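Below is one structure, written out as structure tokens; the observations come after it.
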Ligand SMILES: [Zn+2]
């Protein structure tokens, strides 16, 4: 077993791949004439980073995926499979964690 340094934000401690960012969606209806028409105009509406943007066919923004710059879907793992691998390895090496309230 290899014991590594503490986790790096956004990097899975098991496989080293990127952990998905936790995103919010800002969306505009098809008929919203006040909807922005560019990424820059959309960015002006939020302090969060726009990581993806989609447009209606008429050119106004349909929705944008926003990231706060620091939150990931997990603190440690890229996927549940990596979390299970970590759990199996921990159990194999004798670690036992008890959650007594679990039924
Ligand atoms: Zn992983």
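Rule-based calculations on the coordinates, nothing more; no lab input. Computed from a predicted model, the values in this text were never measured in an experiment. Counting neighbours? That spans all protein chains shown, and the Cβs are built from the backbone with ideal geometry, glycine included.
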When the helix-only estimate is applied to the chain (DSSP H runs of n ≥ 4, each -39,500 (n - 2.57), divided by the residue count), what is the mean residue ellipticity at 222 nm, nearest 500 deg cm²/dmol?
-> -5000 deg cm²/dmol
What is the order of 61, 51, fewest Cβ neighbours within 10 Å to most?
-> 51, 61
Could you tell me how many degrees, from 0 to 90 and to the nearest 10, lie between the Cα long axis of helix 80-92 and the main elongation axis, the longest principal axis, of the Cα atoms of the chain?
-> 10
Report the residue, chosen from 66, 45, 23, that carries the largest GNM mean-square fluctuation when the chain is represented by alpha-carbon nodes joined by springs under 10 Å.
-> 45
Point-to-point label distance, residue 93-residue 54, nm (Cα→Cβ direction, 7 Å offset) = 4.2
Springs between alpha-carbon atoms under 10 Å, Gaussian network over the chain: tell me which of 12, 78, 42 tops the mean-square fluctuations.
-> 42
